[in-house]
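Taking it in order: structure first as structure tokens, then the write-up.
The values are calculated or read from the model by the stated rules, or taken from the named source; none is laboratory data. Because the structure is predicted, anything quoted here is derived from the model rather than measured. Here the Cβ positions follow ideal geometry from the backbone for every residue, glycine too, while neighbour counts run over all protein chains shown.
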């Protein structure tokens, strides 16, 4: 099975890209967020890949971070969630934000994602609420490389605290790290930057 591709971006289109590896083009499906972070056509790239074999096809699903790949595997472990729906979910929320939504059982937030109805959202929460806490710290942190929309000031701290709790940190640790991150960057900073700063703080105090 193909696990990774190291080549150049030959072509980008809606939901997929062709990665050229020594003259062989591999058509790889990506989430919209990952696709937006791919380098321009002609530039080099290394992507993680999951191969899905069907009766009539061999499909490749690509990821730029370990965190996204691990979340994809969690999502596709849920009954009724296939690779395409999993990519839809990953297109709707960044990995840390998705981990928070699942960990807190935020069904209404999940149903805002294209293709995710209430029953599917409830099933995702039911089956992944505990499993998402097992996502490796570095896997989640690795998903913070790209820019994103700012998190709303109200609730930003609670989201940060929840994300840290989901990674196994204690309440007081998480609260202190969230406060420090907000003080250093301001509560209006993008969630990923706040989360990265909070991680740095909590790890340095461990």
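Considering (1) at negative phi; (2) surrounded by 14 or more Cβ atoms within 10 Å (Cβ to Cβ); (3) in a loop (DSSP other than H, G, I, E, B), say which one residue 100 fails and leave the rest.
Among (1) at negative phi; (2) surrounded by 14 or more Cβ atoms within 10 Å (Cβ to Cβ); (3) in a loop (DSSP other than H, G, I, E, B), residue 100 violates only (3).
Out of everything in the stretch 24-40 that is modelled with pLDDT under 95 and over 16 Å from residue 84 (Cβ atoms), what residue ends up being surrounded by the fewest Cβ atoms within 10 Å (Cβ to Cβ)?
That would be 40.
Look through 65, 111 and report the one residue that is at pLDDT 90 or above and either in contact with a helix residue (DSSP H, G or I) (Cβ under 7 Å, 6 or more places away or on another chain) or surrounded by fewer than 17 Cβ atoms within 10 Å (Cβ to Cβ) (or both).
After applying the criteria, what remains is 111.
Among the residues of the stretch 41-54, what is the count of those that are within 24 Å of residue 70 (Cα to Cα) and either surrounded by fewer than 15 Cβ atoms within 10 Å (Cβ to Cβ) or assigned by TED's automatic domain parsing to the domain that holds residue 114 (or both)? Break it down into steps so the answer makes sense when it comes.
To start, the set of residues in the stretch 41-54 that are within 24 Å of residue 70 (Cα to Cα) comprises 44-54.
Applying the additional criterion that residues be either surrounded by fewer than 15 Cβ atoms within 10 Å (Cβ to Cβ) or assigned by TED's automatic domain parsing to the domain that holds residue 114 (or both) yields 44, 46, 51, 53-54.
The number of residues fulfilling the criteria is 5.
Residue 73 - would you say it is in contact (Cβ under 8 Å) with a residue 12 or more places away in the chain, surrounded by fewer than 18 Cβ atoms within 10 Å (Cβ to Cβ) and in a helix (DSSP H, G or I)? Explain how you work it out, then say what you get.
Values: in contact (Cβ under 8 Å) with a residue 12 or more places away in the chain: yes; surrounded by fewer than 18 Cβ atoms within 10 Å (Cβ to Cβ): yes; in a helix (DSSP H, G or I): yes.
So residue 73 fits the description; yes.
Name the one entry in 180, 160, 126 that is outside the structural domain of residue 73 (by TED's automatic domain parsing), outside any loop (DSSP other than H, G, I, E, B) and modelled with pLDDT of 85 or more.
Going through 180, 160, 126 in turn, the sole match is 180.
Given the residues 50, 27, which is the only one that is in contact with a helix residue (DSSP H, G or I) (Cβ under 7 Å, 6 or more places away or on another chain) and part of a strand (DSSP E or B)? Talk me through it step by step, then tell me what you get.
Details: 27 fails: in contact with a helix residue (DSSP H, G or I) (Cβ under 7 Å, 6 or more places away or on another chain).
Just a single option satisfies the conditions, and that option is 50.
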